[in-house]
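Taking it in order: structure first as structure tokens, then the write-up.
We did not get these values from a lab; they are worked out from the coordinates using the rules stated. These figures come from a predicted structure and were not determined experimentally. Cβ placement follows ideal geometry from the backbone for every residue including glycine, while neighbour counts extend to all protein chains displayed.
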Amino acid sequence: MGLINFVIRRLVFQIFVLFGVLVITFFISHVVPGDPALLLAGPRASPEIVAKLRRDLGLDQPLHKQFVLYLSSLAKGDLGTSVLTRRPVTRDIAERFPATFELVTFAMLIVVLVGIPLGVASAVYKERWVDHLCRVVGIAGASTPIFWLGLFIIFLFYTRLGWLPSGGRIGTEVEPPIKITGLYIVDSIITGNWGALKSSIEHLVLPVFVLSFASMASILRLVRACMLEILGQDYIRSALAKGLPERRVIFVHGLRNALLPAVTILGVTYGELLQGAVVTETIFAWPGMARYAVSSMTYLDYPAIMGLTLVSAVIYTLINLLVDILYGVIDPRVRYD
């Protein structure tokens, strides 16, 4: 019951957080210089056309009335109509969300499955060649701009070597899988479309590597620092002195304690990957939410900006809730009362 009550309290609190996000995003986006009606109509449009477009978009009403109307529509599950695409924002996001979710989730898997083991190996083999190599990776990840890395990777693996495609989710010569979840890899496996599966994986490799590299390096450095501190503790030395297998001491007694700060950072990392997807999707022509966000901000598409911000905030709060729950799984001392 303690965990259930904790989750309920956090969900109620998140409602207020999301409302605050909506208020801040709405008013900031509306006070930014620029007129979406003028951007849509074009610089040669007459004042009458611009004024009519403002009325059609509801931009002629006071700001507080626009916000109240937006909240009333939101309560019905309506995120509004995109100024740019003239389609419901809900539909636009639903079409693009699977692409971004697939990209960010696979990048997160690389961060966890590569960054944590490398951090452990770097600490266990301190001052050896493994440690030096891992530290080079950590420094490179922290200092390499994501846009430069993306362009370099495309030049190397597409232009020079021709091993991997440069952009998109799937090859133009391949028929996409039947849409079930919107995730190409999952849908390809479910429908048995192995050609689409192969093409989807090939198109994921480069953007996933670019998106995950910096975060993977951060987790590597954090886990290394935590493991070095823990491996120097008295209880670790006592366990080794009693004859416990070194592998068991490292992974059961050492790594489990080192994962606590790593789990905290991983929750933040998912949000960082969502932000990094803006650059990654632009470089690799990935048809996800991040590219949609760039277009929306360019044309001051208020409904789309609000919808994207709300979806991102919901994802971020749910990830943080999951992190809090994982604390209790990793550390039995944590109580939710």
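The label-point distance for Ala225 and Arg256, in a model that sets each label 7 Å from Cα toward Cβ, rounds to 2.5 nm.
Sorted by mean Cβ packing within 10 Å, highest first, what order do the peptides 239-250, 131-142 take?
Working: 239-250: 12.8, 131-142: 16.3.
Peptide ranking by packing, descending: 131-142, 239-250.
Do the sum for the chain: with -39,500 (n - 2.57) for every DSSP H run of n ≥ 4, divided by all residues, what is the mean residue ellipticity at 222 nm, to the nearest 500 deg cm²/dmol? Don't jump to the answer; show the numbers that get you there.
Working: 14 runs with 237 residues, N = 337.
Per the formula, -23500 deg cm²/dmol.
Note on the chain: dipole from Cβ charges, positive end direction compared against Ile178, Phe101, Gly288; the farthest Cα belongs to Phe101.
Give the longest segment of the chain that steers clear of chymotrypsin sites (Phe, Trp or Tyr not before Pro) in DSSP loops with at most 15 neighbouring Cβ atoms within 10 Å, not counting the sites themselves. Could the numbers behind the result be given before it?
Working: sites that count: Tyr125, Trp163.
So the longest stretch without any such site is 164-337.
A dipole drawn for the stretch 111-298 from +1 and -1 charges on Cβ atoms has a positive end, and of Ala196, Ile154, Ser212 the residue lying farthest that way is Ser212.
Fully extending the segment from Thr181 to Glu95, taken as 0.36 nm per residue of separation minus the present Cα-Cα distance, adds 29.9 nm. Here the simple spin-label model places points 7 Å from the Cα toward Cβ, and for Phe27 and Leu161 these points are separated by 5.2 nm. The slack in the chain from Ser72 to Val314, taken as 0.36 nm per residue of separation less the alpha-carbon distance, amounts to 85.2 nm. Placing a pseudo-label 7 Å from each Cα along the Cα-to-Cβ vector at Ile190 and Arg87 gives an inter-label distance of 2.0 nm.
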